1. For segment 74-83, in order, what is each residue's ³J(HN,Hα) by Karplus, 6.51 cos²θ - 1.76 cosθ + 1.60 with θ = phi - 60°, in whole Hz (x at glycine and Pro)?
2. When only DSSP loop residues count, what chymotrypsin sites (Phe, Trp or Tyr not before Pro) in segment 155-226 have their Cβ near at most 15 other Cβ atoms within 10 Å?
3. Just the accessible area per residue of segment 61-100, please: how many Å² with a 1.4 Å probe?
4. At a Förster distance of 25 Å, what's the computed FRET efficiency of ALA75 paired with TYR165, Cβ-Cβ distance as r, to 0.05?
5. How many nm separate the modelled label positions at GLU59 and HIS220, each set 7 Å beyond the Cα in the direction of the Cβ?
6. If I model a spin label as a point 7 Å beyond the Cα along the Cα-Cβ vector, how far apart are those points for LEU211 and ARG192 in nm?
7. Is segment 67-106 best put as rounded, prolate or oblate by its Cα gyration tensor, with a ≥ b ≥ c the root eigenvalues, rounded for a/c under 1.5, and otherwise prolate when a/b is larger than b/c, oblate when not?
8. For segment 32-164, which whole percent of the accessible surface, found with a 1.4 angstrom probe, sits on carbon and sulfur atoms?
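The values are calculated or read from the model by the stated rules, or taken from the named source; none is laboratory data. Everything quoted here is computed from the prediction, not taken from an experiment. Backbone-built Cβ (ideal geometry, glycine too); neighbour counts: all protein chains shown. Each accessible area value is taken on the protein alone, full model and side chains, heavy atoms only, with ligands, DNA and RNA left out. Shrake-Rupley method; radii C 1.70, N 1.55, O 1.52, S 1.80 Å.
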Amino acid sequence: MPNQFNFSFDYFYAAIIALGSPHMYQYMLGQRKKALAKSKRKFQVLYTDLMTLKESGHEHVYIAVEKPLLLAQTAAVMEILHGLVGLVRSPITTTLPQIGSRLFVTWGILWSFPENRTHVLVSSLVISWSITEIIRYSFFGTTEALGFAPSWLLWLRYSTFLVLYPTGITSEVGLIYIGLQYIKECEKYCIRMPNQFNFSFDYFYAAIIALGIYVPGTPHMHPYMLGQRKKALAKSKRE
């Protein structure tokens with residue numbers, strides 16, 4: 001105010017009202033249950049991955065985990081929405097690139113180009129993602145249910161990334177890089193001129209751009225997570 005509509009709106013207060021509503025309370029209770037259920041599903045994915053590795057080799061891992069992998073990574077889009085409306089503490093600046101990169105690798109590389117699916121990096125990718133999310137969702141669900149998390153779970157939540165983040169990032173980058181040759185050969189998702197929209201798009205170069213985003217993205221994420229670890233562990237010691 002003032003404006004031509006004689007109307008004012010504050011998103012902050014709207015979010016506070018929404019968070020205090022009975023419907024939002026029930027929604028958050030549902031999210032707590034879903035977090036624990038997600039942890040269980042991720043454990044099943046990890047178990048399937050490891051058993052397939054043992055019995056059939058890494059070439060068969062993707063086929064064994066494809067459906068739950070696609071479902072879990074697609075459902076993670078909700079975390080972006082939760083970050084936007086303030087339902088979770090994670091800032092959107094860290095949530096968006098994490099979820100976005102996983103969606104691109106899951107759908108834009110593995111699902112779209114089957115030639116990548118038998119590579120050993122698929123196994124390391126699934127293991128890294130699964131362990132990370134088992135711990136994260138277990139931590140979130142336990143904290144929401146009990147009001148706190150055991151010290152060992154807190155330590156795992158803020159320490160395992162020291163190993164799993166590099167292995168996960170390496171697997172993602174490796175699979176995108178390997179996929180470039182197949183993207184260039186088949187020209188899938190490409191739009192060539194001339195067309196009625198007078199527009200062209202080359203998925204090969206889009207994949208290169210996605211690959212390039214890891215260069216500034218990785219140095220940004222790692223210090224952020226180190227900072228979060230330092231704060232969380234320091235707080236637990238004081239308590």
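1. Calculated HN-Hα couplings, in order: 6, 5, 5, 4, 4, 5, 5, 4, 4, x Hz.
2. Working: sites: TRP155, TYR158, PHE161, TYR177, TYR182, TYR189, PHE197, PHE199, PHE201, TYR203, PHE204, TYR205, TYR214, TYR224; in loops: TYR189, PHE197, PHE199.
Qualifying residues, ordered by number: TYR189, PHE197, PHE199.
3. Values: 2090 Å² over 40 residues.
With the other protein chains kept in place, segment 61-100 gives 52 Å² per residue.
4. After rounding to 0.05, the efficiency reads 0.70.
5. In this crude label model, GLU59 to HIS220 measures out at 4.0 nm.
6. Roughly 2.2 nm, to one decimal.
7. oblate
8. With neighbouring chains kept in place, the figure for segment 32-164 is 67 percent.
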